[in-house]
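Below you'll find the structure, written out as C-alpha coordinates, and then a few comments.
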Amino acid sequence: MTDSNNMAGTLYLVPTPIGNLGDITQRALDVLAGSEAIACEDTRVSGRLLAYFGIKNKLISYHDYNEEKRLPRLLDVLQNGGDVSVITDAGSPGLSDPAYRIIRAAIENNITVSPLPGANALIPAVTGSGLPLDRFFFEGFLPQKSGSRKNRLLKLVELEHTLIFYESPHRIAKTVADGLEILGDRNACIARELSKIYEEFIRGKLSEINELLKDRKLKGEIVLVVEGKNRKKGKTA
(Lines give C-alpha, C1' and ligand atoms only; values in the text may rest on other atoms or scores of the structure.)
Protein backbone atom coordinates (compact mmCIF):
# COMPACT_ATOMS: atom_id res chain seq x y z
CA MET A 1 0.00 0.00 0.00
CA THR A 2 1.28 3.47 -0.85
CA ASP A 3 1.15 6.50 1.42
CA SER A 4 -2.32 8.03 0.99
CA ASN A 5 -3.27 10.13 4.02
CA ASN A 6 -3.29 13.57 2.41
CA MET A 7 -4.48 15.26 5.60
CA ALA A 8 -1.44 14.14 7.56
CA GLY A 9 1.98 15.68 7.67
CA THR A 10 5.17 14.04 6.38
CA LEU A 11 7.71 12.05 8.35
CA TYR A 12 11.15 13.15 7.14
CA LEU A 13 14.30 11.14 7.80
CA VAL A 14 17.03 13.78 7.78
CA PRO A 15 20.76 12.93 7.74
CA THR A 16 22.99 15.21 9.80
CA PRO A 17 26.76 15.73 9.43
CA ILE A 18 29.04 13.06 10.89
CA GLY A 19 31.71 15.69 11.50
CA ASN A 20 32.03 18.51 9.00
CA LEU A 21 28.97 20.74 9.32
CA GLY A 22 29.38 21.75 5.68
CA ASP A 23 28.10 18.30 4.68
CA ILE A 24 24.50 19.13 5.52
CA THR A 25 22.34 19.80 2.46
CA GLN A 26 20.23 22.85 1.80
CA ARG A 27 17.17 20.62 1.50
CA ALA A 28 17.87 19.16 4.94
CA LEU A 29 18.06 22.65 6.43
CA ASP A 30 14.80 23.66 4.73
CA VAL A 31 13.01 20.55 5.98
CA LEU A 32 14.27 20.99 9.54
CA ALA A 33 13.26 24.64 9.56
CA GLY A 34 9.77 23.76 8.33
CA SER A 35 9.11 20.85 10.68
CA GLU A 36 6.72 21.24 13.58
CA ALA A 37 8.74 18.76 15.63
CA ILE A 38 12.20 17.25 15.39
CA ALA A 39 12.77 13.88 17.03
CA CYS A 40 16.40 13.47 18.05
CA GLU A 41 18.63 11.16 20.08
CA ASP A 42 20.15 13.83 22.31
CA THR A 43 18.54 17.27 22.58
CA ARG A 44 21.86 18.80 23.65
CA VAL A 45 23.73 17.55 20.57
CA SER A 46 20.93 18.40 18.16
CA GLY A 47 20.27 21.71 19.89
CA ARG A 48 23.82 22.84 19.12
CA LEU A 49 23.46 21.78 15.48
CA LEU A 50 20.18 23.65 15.02
CA ALA A 51 21.50 26.71 16.80
CA TYR A 52 24.52 26.79 14.49
CA PHE A 53 22.21 27.06 11.48
CA GLY A 54 19.78 29.41 13.19
CA ILE A 55 16.91 26.92 13.28
CA LYS A 56 14.43 27.13 16.14
CA ASN A 57 12.18 24.12 16.54
CA LYS A 58 10.60 21.99 19.21
CA LEU A 59 13.04 19.16 19.89
CA ILE A 60 11.67 15.87 21.20
CA SER A 61 14.08 13.28 22.59
CA TYR A 62 13.64 9.99 20.75
CA HIS A 63 16.00 7.10 21.43
CA ASP A 64 16.12 3.35 22.10
CA TYR A 65 14.85 3.73 25.66
CA ASN A 66 11.82 5.94 25.08
CA GLU A 67 10.66 5.11 21.54
CA GLU A 68 7.37 3.50 22.59
CA LYS A 69 6.57 6.37 24.95
CA ARG A 70 7.26 9.04 22.33
CA LEU A 71 5.45 7.37 19.39
CA PRO A 72 1.91 8.54 20.26
CA ARG A 73 3.10 12.13 20.60
CA LEU A 74 4.90 12.11 17.25
CA LEU A 75 2.01 10.37 15.49
CA ASP A 76 -0.38 12.96 16.90
CA VAL A 77 1.66 15.76 15.32
CA LEU A 78 1.72 13.93 11.98
CA GLN A 79 -1.97 13.02 11.98
CA ASN A 80 -2.87 16.64 12.68
CA GLY A 81 -0.99 17.84 9.60
CA GLY A 82 2.38 18.72 11.09
CA ASP A 83 5.66 17.57 9.59
CA VAL A 84 8.08 15.65 11.80
CA SER A 85 11.80 15.23 11.14
CA VAL A 86 13.82 12.40 12.65
CA ILE A 87 17.53 13.02 13.11
CA THR A 88 20.35 11.25 14.95
CA ASP A 89 23.41 12.64 16.68
CA ALA A 90 25.28 12.10 13.40
CA GLY A 91 24.53 10.41 10.09
CA SER A 92 21.41 8.87 8.62
CA PRO A 93 18.47 7.86 10.84
CA GLY A 94 17.93 4.12 10.97
CA LEU A 95 21.56 3.09 10.33
CA SER A 96 22.37 1.62 13.75
CA ASP A 97 20.25 4.44 15.23
CA PRO A 98 16.60 4.79 16.32
CA ALA A 99 14.03 5.30 13.55
CA TYR A 100 12.55 1.88 12.69
CA ARG A 101 9.52 2.05 14.99
CA ILE A 102 8.39 5.52 13.97
CA ILE A 103 8.86 4.61 10.29
CA ARG A 104 6.75 1.47 10.70
CA ALA A 105 4.10 3.37 12.64
CA ALA A 106 3.90 6.06 9.96
CA ILE A 107 3.57 3.48 7.18
CA GLU A 108 0.85 1.60 9.09
CA ASN A 109 -1.06 4.88 9.42
CA ASN A 110 -0.68 5.74 5.72
CA ILE A 111 1.57 8.70 6.53
CA THR A 112 4.12 9.72 3.91
CA VAL A 113 7.71 8.83 4.79
CA SER A 114 10.37 10.86 2.99
CA PRO A 115 14.01 9.80 3.49
CA LEU A 116 16.52 12.48 2.49
CA PRO A 117 19.92 11.51 1.04
CA GLY A 118 22.94 12.76 2.91
CA ALA A 119 25.77 12.17 5.33
CA ASN A 120 26.63 8.76 6.76
CA ALA A 121 29.83 6.93 7.71
CA LEU A 122 29.03 3.76 5.76
CA ILE A 123 29.57 4.96 2.18
CA PRO A 124 32.71 7.11 2.72
CA ALA A 125 34.31 4.23 4.63
CA VAL A 126 33.76 1.59 1.94
CA THR A 127 34.60 3.92 -0.96
CA GLY A 128 37.81 5.08 0.70
CA SER A 129 38.88 1.61 1.82
CA GLY A 130 40.25 0.49 -1.55
CA LEU A 131 38.28 -2.74 -1.27
CA PRO A 132 35.73 -4.02 -3.87
CA LEU A 133 32.62 -1.86 -4.14
CA ASP A 134 30.41 -3.93 -6.43
CA ARG A 135 28.81 -5.79 -3.49
CA PHE A 136 29.02 -5.03 0.19
CA PHE A 137 27.27 -6.18 3.36
CA PHE A 138 26.57 -3.78 6.23
CA GLU A 139 26.57 -5.62 9.55
CA GLY A 140 26.45 -2.60 11.85
CA PHE A 141 27.71 -3.21 15.39
CA LEU A 142 28.87 -6.71 16.29
CA PRO A 143 27.99 -8.17 19.73
CA GLN A 144 30.01 -6.77 22.61
CA LYS A 145 31.04 -10.14 24.06
CA SER A 146 33.82 -12.01 22.25
CA GLY A 147 32.01 -15.36 22.12
CA SER A 148 28.88 -13.87 20.58
CA ARG A 149 31.00 -11.74 18.27
CA LYS A 150 32.89 -14.77 16.97
CA ASN A 151 29.64 -16.67 16.44
CA ARG A 152 28.30 -13.80 14.36
CA LEU A 153 31.51 -13.59 12.32
CA LEU A 154 31.24 -17.32 11.61
CA LYS A 155 27.94 -16.62 9.85
CA LEU A 156 29.68 -14.11 7.58
CA VAL A 157 32.70 -16.23 6.57
CA GLU A 158 31.25 -17.43 3.27
CA LEU A 159 30.02 -14.05 2.05
CA GLU A 160 31.86 -12.71 -0.99
CA HIS A 161 30.64 -9.22 -0.20
CA THR A 162 32.93 -6.62 1.33
CA LEU A 163 31.97 -6.55 5.03
CA ILE A 164 31.31 -3.30 6.89
CA PHE A 165 31.13 -2.93 10.66
CA TYR A 166 30.64 -0.02 13.02
CA GLU A 167 32.77 -0.28 16.14
CA SER A 168 33.68 1.68 19.26
CA PRO A 169 37.27 2.75 20.05
CA HIS A 170 37.52 0.58 23.15
CA ARG A 171 36.46 -2.60 21.29
CA ILE A 172 38.10 -2.20 17.89
CA ALA A 173 41.32 -4.05 18.84
CA LYS A 174 39.36 -7.08 20.10
CA THR A 175 37.10 -7.03 17.05
CA VAL A 176 40.07 -6.99 14.66
CA ALA A 177 41.69 -9.87 16.58
CA ASP A 178 38.47 -11.89 16.43
CA GLY A 179 38.10 -11.05 12.73
CA LEU A 180 41.60 -12.32 12.04
CA GLU A 181 40.87 -15.56 13.91
CA ILE A 182 37.49 -16.26 12.31
CA LEU A 183 37.69 -14.70 8.83
CA GLY A 184 41.38 -15.29 8.14
CA ASP A 185 44.03 -12.78 7.13
CA ARG A 186 42.02 -10.67 4.72
CA ASN A 187 42.63 -7.19 3.39
CA ALA A 188 40.93 -4.63 5.59
CA CYS A 189 40.65 -0.96 6.41
CA ILE A 190 39.81 1.08 9.47
CA ALA A 191 38.16 4.40 8.61
CA ARG A 192 38.33 6.76 11.58
CA GLU A 193 36.91 10.22 12.28
CA LEU A 194 35.48 10.57 8.78
CA SER A 195 35.03 14.17 7.57
CA LYS A 196 36.71 15.50 10.73
CA ILE A 197 40.13 17.10 11.27
CA TYR A 198 41.81 13.80 12.18
CA GLU A 199 40.24 11.69 9.43
CA GLU A 200 42.34 8.59 8.86
CA PHE A 201 42.34 5.39 6.81
CA ILE A 202 44.40 2.48 8.12
CA ARG A 203 44.74 -0.11 5.34
CA GLY A 204 46.44 -3.50 5.31
CA LYS A 205 45.98 -7.14 6.19
CA LEU A 206 44.01 -7.90 9.34
CA SER A 207 47.24 -9.30 10.82
CA GLU A 208 49.03 -5.99 10.17
CA ILE A 209 46.22 -3.93 11.65
CA ASN A 210 46.05 -6.32 14.61
CA GLU A 211 49.75 -5.74 15.35
CA LEU A 212 49.37 -1.98 15.02
CA LEU A 213 46.51 -1.90 17.51
CA LYS A 214 48.61 -3.65 20.14
CA ASP A 215 50.64 -0.46 20.49
CA ARG A 216 48.11 2.19 19.54
CA LYS A 217 44.77 3.19 21.04
CA LEU A 218 42.35 4.63 18.51
CA LYS A 219 39.88 7.38 19.31
CA GLY A 220 36.73 8.66 17.67
CA GLU A 221 34.09 7.11 15.44
CA ILE A 222 35.30 3.95 13.69
CA VAL A 223 34.21 1.89 10.68
CA LEU A 224 35.91 -1.44 9.96
CA VAL A 225 35.82 -2.65 6.35
CA VAL A 226 36.94 -6.23 5.56
CA GLU A 227 37.33 -7.96 2.22
CA GLY A 228 34.85 -10.74 1.45
CA LYS A 229 35.65 -14.35 0.69
CA ASN A 230 37.60 -14.92 -2.51
CA ARG A 231 35.64 -17.79 -4.07
CA LYS A 232 37.88 -18.14 -7.13
CA LYS A 233 40.79 -19.22 -5.01
CA GLY A 234 38.62 -21.15 -2.60
CA LYS A 235 39.98 -19.15 0.30
CA THR A 236 39.91 -15.70 1.83
CA ALA A 237 41.97 -13.04 0.13
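The values are calculated or read from the model by the stated rules, or taken from the named source; none is laboratory data. Treat the numbers as computed from the prediction; the structure is a model and nothing was measured. So basically every Cβ, Gly included, is an ideal-geometry build from the backbone, and we count neighbours across all protein chains shown.
So for the range 143-155 (the condition being within 30 Å of Thr16 (Cα to Cα) and touching a Ser or Thr at 6+ places or on another chain (Cβ under 8 Å)), does at least one residue qualify?
yes
Would you mind finding the one in Leu206, Leu159, Leu154 that is over 16 Å from the mean Cα position of the chain (by Cα) and either buried (at least 19 other Cβ atoms within 10 Å of the Cβ) or of a type in the set (S, T, N, Q) (or both)?
Result of the check over Leu206, Leu159, Leu154: Leu206.
Given the conditions (1) surrounded by 16 or more Cβ atoms within 10 Å (Cβ to Cβ); (2) on the phi > 0 side of the Ramachandran plot, and given that Gly130 satisfies all but one, which numbered condition is not satisfied?
All conditions are met except number (1).
Counting just the residues of the range 7-54 that are touching a helix residue (DSSP H, G or I) at 6+ places or on another chain (Cβ under 7 Å) and surrounded by fewer than 17 Cβ atoms within 10 Å (Cβ to Cβ), which one comes out farthest from Asn120 (Cα to Cα)?
Applying the filter and picking the extreme gives Glu36.
Here's a check for you: in the range 62-77, which residue that is surrounded by 15 or more Cβ atoms within 10 Å (Cβ to Cβ) and within 12 Å of Thr88 (Cβ to Cβ) is modelled with the highest pLDDT?
Within the range 62-77, the match that is modelled with the highest pLDDT is Tyr62.
Residue by residue through the range 157-173, note down the ones that are closer than 18 Å to Ala191 by Cβ and not polar (S, T, N, Q).
Across the range 157-173, the qualifying residues are His161, Leu163, Ile164, Phe165, Tyr166, Glu167, Pro169, His170, Arg171, Ile172, Ala173.
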